[in-house]
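Novice: First the structure, which I've put down as structure tokens, then a few questions once you've had a look.
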Amino acid sequence: MKPATLDRAGIAARIPHAGAMCLLDRLLAWDEAHIVCRTRSHRDPGNPLRSAGGLAAPCAIEYAAQAMALHGTLGAAPGTPPKPGFLASVRAVRLHVPWLDRVEGELQVRAERLAGDAGQALYAFSLHRADGTPLVDGRATVILEAPP
């Protein structure tokens, strides 16, 4: 994978999420099939996905979706608007912890494009502690809307 240097502002410029809703802090590496990002936003009391009880583990799907969206833009020229898309399904999701906000340190967010074309993509995703301990993993199908 290619090392990368995108920070949070660079990520926010490439995905359709702004402000606190941009959950990824740094792009670590990517290639045509993989992306690895890191974040500490799971510990932020102002995280927009957080409920009164904390940040539930299923919120990891949104972290993964943002990594997938970023991955889809990395081959495009800077300043190219993100291609609209949506999660059509998530499958085989395993929650190894109940809460993300209770995980100390950084999270690694990984996604691997398993198949796809210009209109859709199938990804495997995972979130891990910095030491590699798995937190959440699964698969997601992304449908990319065709331009008007």
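Novice: Can you pull out the residues in the stretch 21-33 that are crowded, with 16+ Cβ neighbours inside 10 Å and in contact with an Asp or Glu (Cβ under 9 Å, 6 or more places away or on another chain)?
Specialist: Residues of the stretch 21-33 that are crowded, with 16+ Cβ neighbours inside 10 Å, as a first pass: 22-28, 30.
Within the stretch 21-33, L23, D25, R26, L27 meet the criteria.
Novice: Any idea which of A65, A69 is at pLDDT below 95, buried (at least 18 other Cβ atoms within 10 Å of the Cβ) and not charged (D, E, K, R)? It would help to see each step written out before you state the result.
Specialist: Numbers: A65 fails: at pLDDT below 95.
After applying the criteria, what remains is A69.
Novice: Would you please list the contacts, defined by Cβ atoms under 6 Å and residues six or more apart or on different chains, that run from a residue in the stretch 91-111 that is under 20 Å from L28 (Cα atoms) and loosely packed, with under 15 Cβ neighbours inside 10 Å to a residue that is aliphatic (A, V, I, L, M) and modelled with pLDDT under 95?
Specialist: Once the first residue is under 20 Å from L28 (Cα atoms) and loosely packed, with under 15 Cβ neighbours inside 10 Å and sits in the stretch 91-111, its partners that are aliphatic (A, V, I, L, M) and modelled with pLDDT under 95 give G105/A130.
Novice: While we're looking at this one, here's another question. Please determine whether any residue of the stretch 29-42 is assigned to a loop (DSSP other than H, G, I, E, B) and either without any contact (Cβ under 8 Å) to a residue 12 or more places away in the chain or under 11 Å from L70 (Cβ atoms) (or both). Talk me through it step by step, then tell me what you get.
Specialist: So in the stretch 29-42, the residues assigned to a loop (DSSP other than H, G, I, E, B) come out as 31-33, 40.
Still in the list and also either without any contact (Cβ under 8 Å) to a residue 12 or more places away in the chain or under 11 Å from L70 (Cβ atoms) (or both): none.
The answer is no; no qualifying residue exists.
Novice: Then there's this: In the stretch 115-142, what residues are surrounded by fewer than 16 Cβ atoms within 10 Å (Cβ to Cβ), among the polar types (S, T, N, Q) and within 14 Å of F86 (Cα to Cα)?
Specialist: Q120
Novice: Next question, about the same structure. So which residues in the stretch 106-132 are outside any strand (DSSP E or B) and either among the acidic types (D, E) or touching an Asp or Glu at 6+ places or on another chain (Cβ under 8 Å) (or both), if there are any at all?
Specialist: To start, the set of residues in the stretch 106-132 that are outside any strand (DSSP E or B) comprises 106, 117-119, 130-132.
The answer is E106, D117, A130, D131.
Novice: Oh, and also: I'm trying to understand the selection: among the residues of the stretch 93-148, which are modelled with pLDDT of 95 or more, of a type in the set (S, T, N, Q) and either over 26 Å from D44 (Cα atoms) or touching a Leu at 6+ places or on another chain (Cβ under 9 Å) (or both)?
Specialist: Residues satisfying the conditions are Q108, S126, T141.
Novice: Out of everything in the stretch 45-75 that is closer than 17 Å to A9 by Cα and assigned to a loop (DSSP other than H, G, I, E, B), what residue ends up being nearest to the chain's Cα centre (by Cα)?
Specialist: L74
Novice: Another question, if that's okay. With A60, A18, A52 as the choices, which residue is exposed (fewer than 13 other Cβ atoms within 10 Å of the Cβ) and at pLDDT 90 or above? First the steps, then the outcome.
Specialist: Working: A60 fails: exposed (fewer than 13 other Cβ atoms within 10 Å of the Cβ); A18 fails: at pLDDT 90 or above.
Testing whether each residue is exposed (fewer than 13 other Cβ atoms within 10 Å of the Cβ) and at pLDDT 90 or above leaves just A52.
Novice: Taking into account only those residues within the stretch 32-44 that are under 22 Å from K83 (Cα atoms) and modelled with pLDDT of 95 or more, which is farthest from the chain's Cα centre (by Cα)? Steps first, answer last, please.
Specialist: Of all residues in the stretch 32-44, those under 22 Å from K83 (Cα atoms) come to 32-37.
Narrowing further to those that are modelled with pLDDT of 95 or more: 33-37.
Numbers: A33: 14, H34: 12, I35: 9, V36: 9, C37: 8 Å.
Filtering first and then ranking leaves A33.
The values are calculated or read from the model by the stated rules, or taken from the named source; none is laboratory data. Being a predicted model, the structure only gives us computed values, none of them experimental. With ideal geometry, Cβ positions are generated from the backbone for all residues, glycine too; neighbour counts draw on all protein chains shown.
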